[in-house]
Structures are given as C-alpha cells and as structure tokens.
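One structure is given here, and the rest of the page talks about it.
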Amino acid sequence: MKTTMKRMVIFASGSGTNAENIIRYFREREGVRVKRVYTPNPLAGVIARCERLGVPCTVFSREAWKSGEITRLLLAENPDLIILAGFMWLVPAEIIAAFPGRIVNIHPALLPKYGGKGMYGDHVHKAVSEAGETETGITIHYVNERYDEGQIVFQERISINPHEDPAIIAAKVHELEYRWYPAVIEKIVLPDHRSL
C-alpha cells in the first residue's frame, strides 16, 4: 500500500543554513519532502539556496503576514508540518489555530532560559556568555502565541567554558542544530519511521 507523502514548509529570515540542511536531509528520506520556503526578507540568503536546491521560495511582506494572506496560502497547501528555521516574527494566532501541533521552532539555548522577544541568534549566545554559563544547547519546541513558550519536544546540551566567546558558543550550537533538527522533525512527521 502506497503511503501518502508528508509535506512540509519552512519559514526562514536569514542565510538559510538550517533550511538547506533540512531540505537536503529529507531528499534522502522516503515519504516526506519540503515543498516550499517562505521568507519575509527579499535579501535573505535562503532565496539563493532555494534556487540552487530547486525548492520554491515565496517572499512575503509584513502586510501579507498580518492580513491573513499567508494563512490562506498555508491552508491551500495544507502542510503536515510548518518549520521555523531562523524565522524572527511572532506567528499570528490564526495560523497557530489553523495548524495546532504542526508548527515547530528551534531555539539556540536551553529554554526556558534565554528565551522571549529579542532573544535570538547572537543575542542569545552573548547573554549565555555574559552569565558565565557552563552549558548551553538547543531546544526544539512547538509554537504557540508567545515567543519560545510552546511545549518542548527535544533538548540537547553541550558544555562550554564560563564566559566563552559568543562566536565559539554559536559554532557549537550550530553543530547541534544541524545534527538534531532534521532528525527530530523526522520523528514528528514520521513517528513510526525511526527513533532518535
């Protein structure tokens, strides 16, 4: 019996390294594909990555985000999973309501520490360094109406030196992101397919 192909879309705002990693990962897997990438940034590096990978990329405005236009596009596509990969905007309540339990995000710290509005990317790593933490990591979580407060799906920790350079912390965290985000996504969309 033929299984139904699982469809995923990615939202990304920047260079798109996580998006590319996820797209490449699922090209090697049966039963699931990234069908489209959305970005609000017409200068985002993810656009060129999508062109190279042959994945459609839709650039959208803040007005389209707030007016419900993106919600309508998503409802038409009906993805099995919406993936935030370096996407900075708060997701509207109507999108969350339309796709309950089908939106995931990755955060570059161990939530609930270092989460919330304005805590993304290098801001997080700088805060972790300044606090003298001896560990950090990643948190993959479902998305709700508040920044970084959705149900946690997965965390992975890594040791760091107190007050370690934020750039070194970032490099260590990126390695965790590339290793774990696609695998956790796979477990969500194909729960019987493999274990972590």
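The values are calculated or read from the model by the stated rules, or taken from the named source; none is laboratory data. Because the structure is predicted, anything quoted here is derived from the model rather than measured. Cβ: placed from backbone, ideal geometry, glycine included. Neighbour counts: every protein chain shown.
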Scan segment 119-133 and tell me whether some residue there is within 28 Å of E69 (Cα to Cα), assigned to a loop (DSSP other than H, G, I, E, B) and hydroxyl-bearing (S, T, Y). yes
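Of L110, L176, which residue is over 30 Å from L73 (Cβ atoms), assigned to a helix (DSSP H, G or I), in contact with a Lys or Arg (Cβ under 9 Å, 6 or more places away or on another chain) and not hydroxyl-bearing (S, T, Y)? Please lay out each step first, then the result.
Numbers: L110 fails: assigned to a helix (DSSP H, G or I).
The unique qualifying residue is L176.
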Just the residues that are among the acidic types (D, E) and modelled with pLDDT of 95 or more, please, taken from segment 70-108. D80
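Just the residues that are of a type in the set (D, E) and closer than 22 Å to W89 by Cα, please, taken from segment 149-196.
Of the residues in segment 149-196, the ones of a type in the set (D, E) are 149, 156, 164-165, 175, 177, 186, 192.
Within segment 149-196, E149, E177 qualify.
Yes or no: V104 in a strand (DSSP E or B) and either closer than 22 Å to R179 by Cβ or in contact (Cβ under 8 Å) with a residue 60 or more places away in the chain (or both)? Even if it seems obvious, please write down each step before you answer.
Details: in a strand (DSSP E or B): yes; either closer than 22 Å to R179 by Cβ or in contact (Cβ under 8 Å) with a residue 60 or more places away in the chain (or both): yes.
Against the criterion (in a strand (DSSP E or B) and either closer than 22 Å to R179 by Cβ or in contact (Cβ under 8 Å) with a residue 60 or more places away in the chain (or both)), V104 qualifies.
Considering only segment 39-90, state which residues are part of a loop (DSSP other than H, G, I, E, B), of a type outside the set (D, E, K, R) and touching a helix residue (DSSP H, G or I) at 6+ places or on another chain (Cβ under 9 Å).
Residues of segment 39-90 that are part of a loop (DSSP other than H, G, I, E, B), as a first pass: 40-44, 54-56, 60-61, 68, 78-80, 85-90.
Now drop any that are not of a type outside the set (D, E, K, R), which leaves 40-44, 54-56, 60-61, 68, 78-79, 85-90.
Hits for segment 39-90 are P40, N41, V55, P56, F60, S61, G68, A85, G86, M88, W89.
Criterion first (within 17 Å of M8 (Cα to Cα) and in a helix (DSSP H, G or I)) does I95 satisfy it?
yes
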Among the residues of segment 107-134, count how many are surrounded by fewer than 17 Cβ atoms within 10 Å (Cβ to Cβ), closer than 18 Å to S15 by Cα and touching a residue at least 24 places away in the same chain (Cβ under 8 Å). 2
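Taking the options A131, A167, A127, A171, name whichever one is more than 16 Å from the chain's Cα centre (by Cα), at pLDDT 95 or above and closer than 15 Å to N18 by Cβ. Give the derivation first.
Working: A131 fails: closer than 15 Å to N18 by Cβ; A167 fails: closer than 15 Å to N18 by Cβ; A127 fails: closer than 15 Å to N18 by Cβ.
Answer to the check: A171.
Determine which member of the set E20, E51 is out of contact with any strand residue (DSSP E or B) (no Cβ under 6 Å at 6 or more places or on another chain), farther than 23 Å from A183 by Cβ and either of a type in the set (D, E) or at pLDDT 95 or above (or both).
Working: E20 fails: farther than 23 Å from A183 by Cβ.
Unique residue meeting the criteria: E51.
Which of the residues that make up segment 137-182 are among the hydrophobic types (A, V, I, L, M, F, W, C) and out of contact with any strand residue (DSSP E or B) (no Cβ under 9 Å at 6 or more places or on another chain)?
Within segment 137-182, A167, I168, A170, A171 qualify.
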Flagged pairs (Cβ under 7 angstrom, 6 or more apart or on separate chains; first in segment 78-94, within 15 Å of K66 (Cα to Cα); second in a loop (DSSP other than H, G, I, E, B)) are M88/S13; M88/Y120; W89/P40; L90/Y147; V91/V143; A93/E145; E94/G68
What about R146, is it under 27 Å from L90 (Cα atoms), modelled with pLDDT under 95 and surrounded by fewer than 18 Cβ atoms within 10 Å (Cβ to Cβ)? yes
